[in-house]
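Visitor: Before I ask anything, let me first share the structure, which is written out below as structure tokens.
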Amino acid sequence: MVSTSTSGVLVLLGAPLGNPEDASSRLRTELGLADVIAAEDTRRLRRLLSELDVVPGAQVTSYFEANETGRTATLLEQLREGKRVAVITDGGMPSVSDPGFRLVRAAIDAGVAVTCAPGASAVTTALALSGMPCDRFCFEGFAPRKDGERRRLFGELAEERRTMVFFESPRRVADTLRAMAEAFGADRPAALCRELTKTHEEVRRGGLGDLAEGAEADPPRGEITLVVSGWTGPDASEATPEAMAAAVAALEAAGTDRKAAMKEVALRYGVSRRDVYDAVLKAANPE
């Protein structure tokens, strides 16, 4: 059994996304109580402390992606010495696509108490603003940077029925939206939320294809959260060869060429194009 005799405490601090007025009174208190503050960006921390009128007596140290692995051991040792260590990122909750997870895991394994001062969340804020269903959702973090890996992920999520939330950088958002439009369908409802709670907060809503075109014509700046509606098509069990062949035939009758029709039906039913092709072939050549 792991010992819990240490008096040190690890405190995860939920930081404002942009507007310092969103800071909780407990955040102010914890910043003043901490012996050590591990910050993703020490300059942004000092600006926040000034905005909150907090003068901490804590040792301030940087704790970001590039030094997280090495610095975790140092912070864990300070926790074992009985110190109160607070972790804060640039906005939102530590460990949610931000530094913090490694230290939380190490502290738990060492029997160190871990607590949290909840705060703003870009995930739930964007979800609420999107107009998408909020009863069930999944958070997918940042999409892979490599095109092949990104396409593979979106292919796996094509039949995800929950609303999906992603983080993305301004430089990659247009490419990501294009890949989403290809995998999920250009008309899939989505929302691009940027600079949440800040002066230039903006929410762009529309189909993935339109949002991709908009991101290319008017590149968004700042921190971006994407919210994508879940799959609302028929269950895979409904993707019978007869139903798929009939759907392709209906699209062709309406003027869509066969290749495009099979692609659309594959997206509609959440199956591969090969499955649709086989269904059309079977309909044309019944036994």
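Visitor: Tell me, what is the FRET efficiency for S25 and D187 to the nearest 0.05, using R0 = 30 angstrom and their Cβ-Cβ distance as r?
Guide: In this case the efficiency is close to 0.10.
Visitor: Quick one: grab Rg to one decimal and Dmax as a whole number for the chain, Cα atoms only, in Å.
Guide: Both quantities, over Cα of the chain: 24.0, 82 Å.
Visitor: Just how many % of Cα pairs in the stretch 35-81 lie over 18 Å apart, if you round to the nearest whole percent?
Guide: Numbers: 336 of 1081 pairs.
The share of Cα pairs beyond 18 Å in the stretch 35-81 comes to 31 percent.
Visitor: While we're on this one: In the stretch 209-287, what is the volume of the convex hull around the alpha carbon atoms, normalised per residue and reported in Å³? Mind dumping the intermediate values first?
Guide: On the way: hull volume 9.2 nm³, N = 79.
Residue-normalised Cα hull volume stands at 117 Å³.
Visitor: Ignoring any ligand, DNA or RNA, what whole percent of the accessible area of the chain comes from carbon and sulfur when the probe is 1.4 angstrom? Mind dumping the intermediate values first?
Guide: Numbers: 7210 of 14780 Å².
C and S fraction of accessible area: 49 percent.
Visitor: How high is the FRET efficiency between E156 and E202 when r is their beta carbon distance and R₀ equals 41 Å, given to the nearest 0.05? Can you show the working numbers first?
Guide: Details: r = 30 Å, r/R0 = 0.72.
Efficiency at R0 = 41 Å is approximately 0.85.
Visitor: Ok, one more. Relative contact order (percent) for the chain, with alpha-carbon contacts under 8 angstrom and 6 or more residues of separation? Don't skip to the end; give the middle numbers.
Guide: On the way: 532 pairs, mean separation 49.4, N = 287.
This gives 17 percent for the chain.
Visitor: Can you tell me the Rg and the Dmax, both Å, for the Cα atoms in the stretch 129-252?
Guide: Over the stretch 129-252's Cα set, Rg and Dmax evaluate to 15.5, 54 Å.
Visitor: Now for a different question. Using a Gaussian network for the chain with springs between C-alpha atoms less than 10 Å apart, which of these wobbles most: P189, P220, P144?
Guide: Maximum fluctuation in the GNM of the chain, among the listed residues, is at P144.
Visitor: Restricting to DSSP H runs of at least four residues, report the calculated mean residue ellipticity at 222 nm for the chain, -39500 (n - 2.57) per run over all residues, nearest 500 deg cm²/dmol. Intermediate results must be reported in sequence, preceding the final value.
Guide: Values: 11 runs with 120 residues, N = 287.
About -12500 deg cm²/dmol.
The values are calculated or read from the model by the stated rules, or taken from the named source; none is laboratory data. Here the structure is a predicted model, which means the values were calculated and not measured. With ideal geometry, Cβ positions are generated from the backbone for all residues, glycine too; neighbour counts draw on all protein chains shown. These accessible areas exclude ligands, DNA and RNA; they are computed on the full protein's heavy atoms, side chains included. Shrake-Rupley method; radii C 1.70, N 1.55, O 1.52, S 1.80 Å.
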